[in-house]
Amino acid sequence: MENVKRPKIVVRPPGPKAKKFIERDGKVMSQSLTRTSPLVGVDESGVWVKDIDGNIFMDLGSGIAVTNVGHKHPKVVEAIKRQSDKLIFLNSCDYFTLPQVELAERLCQVTPGNFEKRVFMGNSGAEAVEAALKIAQWHTRNFYVIGFIGGFHGRTMGSLQLTTTSVGARRHFKGMMQGVFHVPYAYCYRCPFKQEYPDCGMWCVNYIEEIMLKKVIPPDDLACMVVEPIQGAAGYIVPPDDYLPALAKLCKKNGIIFVDDEVQSGFCRTGKWFACEHSEVEPDIITVSKAIAGGLPCGAAIARKELMDWDPGAHENTLGGSPVVCEAALAVLDILKEEKLDKNAEQVGGFLLKRFREMAESHEIIGDVRGKGLMIGIEFVKDRRTKEYATEFRNKLLDEAFERGLMLLAAGPTSLRLAPPLVLTKEQAEVALEIFEESLKKVEKGSP
Ligand SMILES: Cc1ncc(COP(=O)(O)O)c(C=O)c1O
């Protein structure tokens with residue numbers, strides 16, 4: 001697929017082979033998986049994914065911000081093969097391995113904060129968040145947590161208590177961990193307090209201090225605050241630049257551990273290695289996953305050394321930080337640096353953001369375009385004044401673009417999230433824009 005310049009649709013997706021396979025899938029796989037598009041992938045390279053019928057798609061989602069270095073990067077493949085020939089597995093709760101320590105050292109270096117840190121490795125974003133929650137509870141002996149409405153932090157019983165993107169993820173589940181207090185996020189396009197930035201004086205932050213900490217939950221009963229620097233699953237909601245520093249300051253003042261969930265925004269996605277670096281915030285704990293190992297399962301919580309003061313046996317797992325995964329992650333860190341993918345995300349992301357904003361001028365259905373680097377959200381509304389959700393339109397657009405060879409992801413009730421591999425070139429971005437607008441016009445024409 002090296003010479004591919006545009007998506008190539010040889011048979012309208014889902015083609016006959018895909019249809020057959022999806023039928024098989026339906027007979028054995030859990031129905032809880034949502035499945036955005038009927039794509040059965042068999043091969044990949046860079047920004048391209050080939051399906052079982054021979055169609056080639058341009059991936060604008062990276063499997064939700066996972067394939068940051070591009071699909072099947074040769075250096076990741078090489079690292080996996082090299083390590084597989086030596087040592088595939090030794091469990092880190094009982095023994096030591098070289099790649100794990102090397103990865104932990106590198107994670108301490110690349111994450112913000114010029115202080116000593118410690119790393120706990122798991123296999124997913126949710127596990128990274130669980131680790132952060134447990135670190136904070138252990139250290140403070142406190143139980144309560146502040147989370148944010150619209151936040152997504154995973155679906156395991158602990159992390160789910162923080163997740164409030166939709167009730168569908170929470171219905172019927174009563175987690176072991178109770179005691180999360182949710183506060184509104186700085187979603188300025190739909191301000192929950194019906195105010196306007198900057199005249200609001202960031203009331204959403206003051207609200208935490210003036211109302212929550214004075215009337216609802218004493219700060220010294222809190223284990224931590226957990227926040228996404230850009231809300232992901234809620235629709236790539238970018239808060240004002242001074243929001244994260246204001247939250248960090250509030251936490252510091254009140255002795256609250258500040259947990260920055262960079263599972264989706266980390267590893268150069270936003271044009272910086274971590275999104276919190278845009279506002280020079282140094283979190284007490286950072287959670288990472290997704291892009292870290294190029295698609296292999298890995299997650300980590302990186303904390304100030306003094307916070308990870310728990311006893312042996314307080315928290316561990318079997319598969320976390322296994323050698324092949326860590327070697328893949330080390331290759332990812334090298335590639336991000338060598339290929340300057342933070343810069344590419346900034347440049348190509350800036351270009352896309354500008355062009356989508358221009359597109360919004362002639363398409364009323366686009367209510368808001370926002371983003372940082374290659375983390376771009378487009379929100380659709382039936383009416384720009386009332387901001388009524390245009391969910392059906394968004395879904396049709398996603399399907400229309402898919403049929404033309406673009407892989408897009410929905411987020412929140414009425415947004416699309418664009419998170420292409422960070423190797424996306426400007427020329428490829430042009431192709432994406434052209435197909436996107438073509439699809440948009442088609443759906444606009446077809447809509448009542
Ligand atoms: C910010 C954030 N935290 C945590 C998670 C959970 O990660 P995982 O799906 O790997 O458990 C996600 C997943 O989308 C996420 O976006």
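The values are calculated or read from the model by the stated rules, or taken from the named source; none is laboratory data. Quick caveat, the model's predicted, so the values are computed rather than measured. Ideal geometry is used to build each Cβ from the backbone, glycine not excepted, and the neighbour counts take in all protein chains shown. These area figures cover heavy atoms from the full protein model, side chains too; ligands, DNA and RNA do not enter into them. Shrake-Rupley method; radii C 1.70, N 1.55, O 1.52, S 1.80 Å.
Only residues of the stretch 26-42 count here: report those whose backbone N is under 13 Å from the spot 7 Å along Cα→Cβ of residue 17, or say none.
The answer is 40-42, whose backbone nitrogens lie closer than 13 Å to the label point.
Under 18 Å between alpha carbons, and skipping anything fewer than 8 positions from residue 290 in its own chain: which aspartates and glutamates qualify?
44, 59, 127, 130, 228, 260, 261, 262, 327, 334, 342
Once label points are set 7 Å from the Cα along Cα→Cβ at both residue 215 and residue 361, what is their separation, rounded to one decimal in nm?
4.5 nm
What dipole magnitude, in Debye to the nearest 20, does the chain give about its Cα centre under +1 on Lys/Arg Cβ and -1 on Asp/Glu Cβ?
With only Lys, Arg, Asp and Glu charged at Cβ, the dipole is about 1100 debye.
Tell me, in nm to one decimal, what length is gained between residue 252 and residue 3 on full extension, where the rule is 0.36 nm per residue of separation less the Cα-Cα distance?
84.5 nm
How would the chain be classified by its alpha-carbon gyration tensor: rounded, prolate or oblate, with rounded meaning a/c under 1.5 and the a/b versus b/c comparison settling the rest?
The shape class here is oblate.
Run the helix sum for the chain: -39,500 (n - 2.57) per DSSP H stretch of 4+ residues, divided by residue count, reported at 222 nm to the nearest 500 deg cm²/dmol.
Per the formula, -10500 deg cm²/dmol.
Taking θ as phi - 60°, what are the ³J(HN,Hα) couplings along the stretch 195-202 by the Karplus curve (6.51, -1.76, 1.60), each to the nearest whole Hz, with x for Gly and Pro?
Once θ is set to phi - 60°, the couplings for the stretch 195-202 become 10, 10, 7, x, 4, 5, x, 6 Hz.
If the reach is capped at under 17 angstrom between alpha carbons, list the lysines near residue 117, excluding any in the same chain fewer than eight residues apart.
Counting by Cα, and skipping residues close in sequence, residue 117 has these lysines nearby: 134, 305.
Using a Förster distance of 22 angstrom, determine the FRET efficiency expected from the C-beta separation of residue 141 and residue 32, and round it to 0.05.
Working from the Cβ atoms, E equals 0.05.
Excluding same-chain residues fewer than 8 positions from residue 445, which lysines have a Cα within less than 30 Å of its Cα?
5, 8, 19, 50, 354, 382, 387, 396, 426
Provide the percentage of antiparallel DSSP beta bridges, counting only those with both residues in the chain; round to the nearest 5.
Roughly 65 percent of the beta bridges in the chain run antiparallel, per DSSP.
Can you tell me how the stretch 230-365 classifies by the Cα gyration tensor, rounded, prolate or oblate, using a/c under 1.5 as the rounded cut?
It comes out oblate by the Cα gyration axes.
Run the quick spin-label model on residue 391 and residue 195: label points 7 Å from Cα toward the beta carbon, then report their separation in nm to one decimal.
Each label point is offset 7 Å from its Cα along the Cβ direction, giving 3.0 nm.
So how exposed is residue 1, as accessible area in Å² (1.4 Å probe, rounded to 10)?
The accessible area of residue 1 comes to roughly 50 Å².
Taking the dipole about the Cα centre of the chain, with the C-beta of Lys and Arg at +1 and of Asp and Glu at -1, give me whichever of 331, 371, 29 is farthest to the positive side.
29
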